[in-house]
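> Supplied in structure tokens, the structure appears directly below.
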Amino acid sequence: MIQFSDSKLKEVEKIIARYPQGKQKSAVIPVLHLAQQEFGGWLDVPVMDYVASLLSITPIEVYEVATFYSMFNLKPVGRYMFEVCQTGPCMISGADNIIDYIGKKLGIKPGETTSDGMFTLKTVECLGACGYAPMMQMGKHYKEHLTPQRVDEIVDECRRNAASNN
Amino acid sequence: MGRKLLLEKAHVENIRHFDVYRREGGYRSVEKALKTMNPDAVTEEVKKSGLRGRGGAGFPAGMKWSFLAKPEGVPRYLVVNADESEPGTFKDRYLMEFLPHILIEGMIVASYALGSNRSYIYIRGEYWWIVDILEQAIEEARNNGFLGKNILGSGFDCDIFVHRGAGAYICGEETALIESLEGKRGNPRIKPPFPAIKGVWDCPTVVNNVETISAVVPIINEGGEEYAKIGVGKSTGTKLISACGNINKPGVYEIDMTISVEEFIYSDEYCGGVANGKRLKACIPGGSSVPILPANLLLKTAKGETRMMNYESLSDGGFATGTMMGSGGFIVLDEDQCVVKHTYTLARFYRHESCGQCSPCREGTGWMEKLLLRLDRGQGKMSDIDLLWDIQRKIEGNTICPLGDAAAWPVAAAIRHFRDEFEWHVLNPEECTRRNYGLAHYADPLEVTVA
Ligand SMILES: Cc1cc2nc3c(=O)[nH]c(=O)nc-3n(C[C@H](O)[C@H](O)[C@H](O)COP(=O)(O)O)c2cc1C
Ligand code: SF4
Ligand code: FES
């Protein structure tokens, strides 16, 4: 059964209150973000249907949105997503090497997830960090000025955090 | 040292917090506007300042405000565009991350001028951590009586909400942004009606960039006329430039638009020169959509004049020999970079970001990406270069929104100025996979044709 906790439902109410009366459809993107975080990092159809029911809109209105925006995952992803920017400014600052390095280190290609479900590697377009390239997004934060050593540290850190959370 | 109006206090410790920001003179413009000026007088000051939109198009902000329809009993909205997704551009992020209160302060004043009681910040979804920073600043402003009901006893009510997007460059286009704020796909609308008449939830709406709204603070504090004295011609005030690529000091700089491009690249106050002692090959000075220029045309106009960092000088020569100020995303390429490959990554970006509504944009961006990849890998034919030229021409001007143009221009400029680099890829299919074309003649002084 897909259901937000009471505290998350309060958060949903607060989100809806940001918009004028009757315009709760505007809350769909923020509520999808919340749902993705709560229900395993991706949006399965029942999750989207649940969001639709919360906002009193039709499921198709939710699917339309979920399929348009690149931050919504429509397939399962690893516990940690490495979203490496590959656009021009990052490319001329060495993004290709970083993407190769991560791929080799984790044994996956862009778009793939490690077999233990820990890491997903994804290439993305400009994240607004061009001056701090090469860079990637990992969850809520950016990891900038990437070097192979820095990547090693980040991977180790993720593994440690995962081990201590289990 | 140029004057700093926005970033002057960026390095004050804890300036992110209300108390420090206030102690440093913050929120004076709200006091001045709400206590001593009526809304139209605020708009008038912004008009006098000559402030041009900092999101890319450079439209005069005061004029935009004066177009806002004011039908009786219908709410009006201010929406700040913090979608910042144009490759090379990261200035709004810097402002919001380090000086969130200047944006909130500017928004209160602008909301007062426009009569917006609920204003929104539409921020790109990836700037996830900045949402917390902004919400904290909003909370602090509310706790100190600068937001909420009857602000400073003026009778004006205002609340600000942050709306986080979810990854889509197109949502930076103002009508797509409005669609997205309504909870839909980011498909741009056909204009007219313009947002000033029919914007979010069918109400009159002003969409302005983060930097534009922040600039309202010094304009109200110092007066529009004083602001207009900074800079030159129609490039008034200061402009944030985010500099990246092969330079010694990438980062965000505030300039007063009276310096030359050469000074901006080579002086230690700004980019600190090209990295690793390399030579300058090319530059895209205003975000990925504006034309790329070879070093020689970048530093001097076709007339042989020094090119300056302002709206007029950057566009001197039109698209034939000039470029644009755009969003201020300044991308520097050194002699080792391949223009074909760089252009390919931009084409890939636009293909990825096209919303798909118009066939010239949807299909054309895909074709351009494929052709550029082929050329970059040494698998292209001479006729591909002409085909590429043809495709970009068929996109430009034939689409609902300017993303189509934005995708066409970088390709057009690359071919216009770097055609021999493209041809070299065709003629040297094997060599071009091992090494780049290099600097060639792109930094050679140009012959000036005297009219
Ligand atoms: C494809 C596209 C993307 C855009 N992205 C942004 C953006 O990220 N931020 C922005 O302020 N303006 C962006 N704009 C310009 C907006 O449509 C609009 O002109 C701007 O927000 C108006 O604010 P200003 O007048 O203060 O610059 C974009 C335009 C297009 C066509
Ligand atoms: S030009 Fe491209 S992005 Fe703009 S509306 Fe048409 S298809 Fe969408
Ligand atoms: S190009 Fe990578 S963050 Fe902008």
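The values are calculated or read from the model by the stated rules, or taken from the named source; none is laboratory data. If you're wondering where the values come from, they're calculated on a predicted model, not measured in any experiment. Reconstructed Cβ throughout: ideal geometry from the backbone, glycine too, with neighbour counts over all protein chains shown.
For every residue, the table says whether it meets (1) more than 22 Å from the chain's Cα centre (by Cα); (2) more than 9 Å from chain A (Cβ to nearest Cβ); (3) modelled with pLDDT under 95.
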| residue | (1), (2), (3) |
| --- | --- |
| B:ASP336 | yes, no, no |
| B:HIS342 | no, no, no |
| B:LEU346 | no, no, no |
| B:CYS355 | no, no, no |
| B:LYS370 | yes, yes, no |
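> Which one of A:TYR101, A:TYR63, A:TYR80, A:TYR69 is more than 9 Å from ligand 3 (Cβ to nearest atom), touching a Cys at 6+ places or on another chain (Cβ under 8 Å) and either assigned by TED's automatic domain parsing to the domain that holds A:LYS25 or at negative phi (or both)?
On the way: A:TYR101 fails: touching a Cys at 6+ places or on another chain (Cβ under 8 Å); A:TYR63 fails: touching a Cys at 6+ places or on another chain (Cβ under 8 Å); A:TYR69 fails: touching a Cys at 6+ places or on another chain (Cβ under 8 Å).
Just one listed residue meets the conditions, A:TYR80.
> On to the next question. Going through B:VAL74, B:VAL46 one at a time, which residue ends up being of a type in the set (A, V, I, L, M, F, W, C) and touching a helix residue (DSSP H, G or I) at 6+ places or on another chain (Cβ under 7 Å)? If you could, list the steps in order and put the result at the bottom.
On the way: B:VAL74 fails: touching a helix residue (DSSP H, G or I) at 6+ places or on another chain (Cβ under 7 Å).
From the options B:VAL74, B:VAL46, the qualifying one is B:VAL46.
> Failed condition for A:THR87, given (1) among the β-branched types (Val, Ile, Thr); (2) away from every other protein chain (no Cβ under 14 Å); (3) within 19 Å of B:GLY251 (Cα to Cα), with all others met?
With (1) among the β-branched types (Val, Ile, Thr); (2) away from every other protein chain (no Cβ under 14 Å); (3) within 19 Å of B:GLY251 (Cα to Cα) applied to A:THR87, the lone miss is (2).
> For region B:79-91, check the following and say yes or no: at least one residue is more than 16 Å from ligand 3 (Cβ to nearest atom), more than 19 Å from B:SER327 (Cβ to Cβ) and in contact (Cβ under 8 Å) with a residue 60 or more places away in the chain. Don't jump to the end; show me each part of the working.
Residues of region B:79-91 more than 16 Å from ligand 3 (Cβ to nearest atom): B:79-81.
From what's left, more than 19 Å from B:SER327 (Cβ to Cβ): none.
Checking region B:79-91: not a single residue is more than 16 Å from ligand 3 (Cβ to nearest atom), more than 19 Å from B:SER327 (Cβ to Cβ) and in contact (Cβ under 8 Å) with a residue 60 or more places away in the chain.
For (1) in a loop (DSSP other than H, G, I, E, B); (2) over 19 Å from B:PHE161 (Cβ atoms); (3) in the same structural domain as A:ASP152 (by TED's automatic domain parsing); (4) not aromatic (Phe, Trp, Tyr), each residue gets a yes or a no:
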site	(1), (2), (3), (4)
A:VAL12	no, no, no, yes
A:GLY22	yes, no, no, yes
A:SER26	no, no, no, yes
A:LEU32	no, no, no, yes
A:GLN37	no, yes, no, yes
A:LEU43	yes, yes, no, yes
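> A further question on this structure: Considering region B:196-219 alone, what residues qualify as being out of contact with any Gly (no Cβ under 7 Å at 6 or more places or on another chain) and either of a type outside the set (A, V, I, L, M) or near ligand 1 (Cβ under 9 Å from one of its atoms) (or both)?
Filtering region B:196-219 for residues out of contact with any Gly (no Cβ under 7 Å at 6 or more places or on another chain) gives B:196-204, B:206-207, B:210-211, B:218-219.
Across region B:196-219, the qualifying residues are B:LYS198, B:GLY199, B:TRP201, B:ASP202, B:CYS203, B:PRO204, B:VAL206, B:VAL207, B:VAL210, B:GLU211, B:PRO218.
> Just the residues that are under 18 Å from the mean Cα position of the chain (by Cα) and within 14 Å of chain A (Cβ to nearest Cβ), please, taken from region B:57-79.
The one that is under 18 Å from the mean Cα position of the chain (by Cα) and within 14 Å of chain A (Cβ to nearest Cβ): B:VAL79.
> Same structure again: So how many residues does region B:391-405 have that are among the hydrophobic types (A, V, I, L, M, F, W, C), assigned to a loop (DSSP other than H, G, I, E, B) and either more than 6 Å from ligand 2 (Cβ to nearest atom) or out of contact with any Asp or Glu (no Cβ under 6 Å at 6 or more places or on another chain) (or both)?
As a first pass, look at region B:391-405 and keep what is among the hydrophobic types (A, V, I, L, M, F, W, C): B:391, B:395, B:400-401, B:403.
Okay, now just the ones that are also assigned to a loop (DSSP other than H, G, I, E, B), so B:400-401.
When the remaining residues are screened for being either more than 6 Å from ligand 2 (Cβ to nearest atom) or out of contact with any Asp or Glu (no Cβ under 6 Å at 6 or more places or on another chain) (or both), the result is B:400.
Total satisfying the criteria: 1.
> Continuing with the same structure: Are any residues in region B:53-95 farther than 25 Å from B:ILE130 by Cα, more than 12 Å from ligand 1 (Cβ to nearest atom) and not hydrophobic (A, V, I, L, M, F, W, C), and if so, which ones?
The answer is B:SER66, B:LYS70, B:PRO71, B:GLU72, B:GLY73, B:PRO75, B:ARG76.
> Sort out which residues of region B:123-147 are more than 10 Å from chain A (Cβ to nearest Cβ) and touching a Gly at 6+ places or on another chain (Cβ under 8 Å), and write them in order of number.
Passing the criteria: B:ILE123, B:ARG142.
> Could you please find all residues in region B:321-373 being more than 15 Å from ligand 1 (Cβ to nearest atom) and assigned to a loop (DSSP other than H, G, I, E, B)?
Of all residues in region B:321-373, those more than 15 Å from ligand 1 (Cβ to nearest atom) come to B:321-323, B:330-345, B:348, B:359, B:363, B:366-373.
Of everything in region B:321-373, those that are more than 15 Å from ligand 1 (Cβ to nearest atom) and assigned to a loop (DSSP other than H, G, I, E, B) turn out to be B:GLY322, B:THR323, B:GLU335, B:ASP336, B:GLN337, B:CYS338.
> Which of the following residues is surrounded by fewer than 18 Cβ atoms within 10 Å (Cβ to Cβ), more than 16 Å from ligand 3 (Cβ to nearest atom) and among the acidic types (Asp, Glu): B:GLU31, B:GLU45?
Numbers: B:GLU45 fails: surrounded by fewer than 18 Cβ atoms within 10 Å (Cβ to Cβ).
None of the other options fit; the residue is B:GLU31.
> Among the residues that make up region B:352-368, is at least one of them surrounded by fewer than 18 Cβ atoms within 10 Å (Cβ to Cβ) and more than 16 Å from ligand 2 (Cβ to nearest atom)?
Taking every residue of region B:352-368 in turn, none turns out to be surrounded by fewer than 18 Cβ atoms within 10 Å (Cβ to Cβ) and more than 16 Å from ligand 2 (Cβ to nearest atom).
> Out of the residues in region B:148-195 that are assigned to a helix (DSSP H, G or I) and away from ligand 1 (no atom under 13 Å from the Cβ), state the one that is nearest to the other protein chains (Cβ to nearest Cβ). I'd like the intermediate steps shown before the answer.
Taking region B:148-195 first, the residues assigned to a helix (DSSP H, G or I) are B:151-153, B:169-172, B:174-181.
Of the ones still in play, those that are also away from ligand 1 (no atom under 13 Å from the Cβ) are B:151-153.
Numbers: B:ILE151: 19, B:LEU152: 24, B:GLY153: 26 Å.
Taking the candidates together, the pick is B:ILE151.
> May I pose another question? Please go through region A:117-141 and give me each residue that is facing chain B (nearest Cβ under 8 Å) and among the hydroxyl-bearing types (Ser, Thr, Tyr), ordered by number.
Within region A:117-141, just A:TYR132 meets the criteria.
> Then there is this: Against the condition under 28 Å from the mean Cα position of the chain (by Cα) and modelled with pLDDT of 95 or more, how does B:GLY145 come out, does it pass?
No, not satisfied.
> Continuing with this model, one more query. Failed condition for B:ASP268, given (1) in a helix (DSSP H, G or I); (2) surrounded by fewer than 17 Cβ atoms within 10 Å (Cβ to Cβ), with all others met?
Here B:ASP268 meets the rest and fails (1).
> Moving to a separate point now. Report whether or not B:VAL206 is more than 16 Å from ligand 3 (Cβ to nearest atom), of a type outside the set (S, T, N, Q) and in a strand (DSSP E or B).
On the way: more than 16 Å from ligand 3 (Cβ to nearest atom): yes; of a type outside the set (S, T, N, Q): yes; in a strand (DSSP E or B): yes.
Judged against the criteria, B:VAL206 is a match.
> So which residues in region A:45-55 are more than 13 Å from A:GLN3 (Cα to Cα) and either among the aromatic types (Phe, Trp, Tyr) or out of contact with any helix residue (DSSP H, G or I) (no Cβ under 7 Å at 6 or more places or on another chain) (or both), if there are any at all? Spell out the reasoning first.
Just the residues of region A:45-55 that are more than 13 Å from A:GLN3 (Cα to Cα), to begin with: A:45, A:55.
Answer for region A:45-55, where residues must be more than 13 Å from A:GLN3 (Cα to Cα) and either among the aromatic types (Phe, Trp, Tyr) or out of contact with any helix residue (DSSP H, G or I) (no Cβ under 7 Å at 6 or more places or on another chain) (or both): just A:VAL45.
> Can you tell which of A:ILE57, A:ILE98, A:ILE108 is away from chain B (no Cβ under 14 Å), hydrophobic (A, V, I, L, M, F, W, C) and not in a helix (DSSP H, G or I)?
Exactly one residue qualifies, and that residue is A:ILE108.
> What number of residues within region B:196-219 are surrounded by fewer than 24 Cβ atoms within 10 Å (Cβ to Cβ) and either within 14 Å of chain A (Cβ to nearest Cβ) or within 16 Å of ligand 2 (Cβ to nearest atom) (or both)?
Qualifying residue count, region B:196-219: 3.
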